[in-house]
1. Enumerate the amide H contacts of VAL7 below 5 Å, restricted to partners 5 or more residues apart or on another chain; note that Pro and chain-start residues carry no placed amide H.
2. Accessible area of LEU34, 1.4 Å probe, to the nearest 10 Å²?
3. Compare the peptides 72-81, 6-15, 52-61 by average per-residue count of other Cβ atoms within 10 angstrom and give them in order, highest first.
Amino acid sequence: MGGEGGVIGIQIEWDCNLDRDASECHPQYSFTRLDNKFTEKSVSSGYNFRYAKYYRDANGTDYRTLIKAYGIRFDIMVNGKVRDF
């Protein structure tokens with residue numbers, strides 16, 4: 001039974017030399033999948049969660065609707081190094 005959704009890590013690295021023009025300072029991007037999509041032991045891999053909505057009808061009977069939601073989460077990590085000589 002596999003899950004759906006996922007978690008993507010976006011790493012942005014800045015390495016800037018302030019002795020040069022600012023237009024020469026460009027970030028480097030890298031992308032990594034952070035969840036365990038292919039883990040066989042997981043009941044629910046990927047990125048998902050459950051939540052319930054509870055109701056009571058006119059007779060006083062309680063019931064609920066259980067919703068399982070799937071999505072994509074982006075974790076953005078920014079690091080930088082700036083130098084001036």
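1. LEU34, ASP35, ARG73
2. Spelled out: LEU34, probe radius 1.4 Å, area about 80 Å².
3. In descending order of packing, they fall as 6-15, 72-81, 52-61.
The values are calculated or read from the model by the stated rules, or taken from the named source; none is laboratory data. Source: prediction; values computed, not measured. All Cβ positions, even for glycine, are placed from backbone atoms using ideal geometry, and neighbour counts span all protein chains on display. Ligands, DNA and RNA are excluded from the accessible area calculation, which covers all protein heavy atoms including side chains. Shrake-Rupley method; radii C 1.70, N 1.55, O 1.52, S 1.80 Å.
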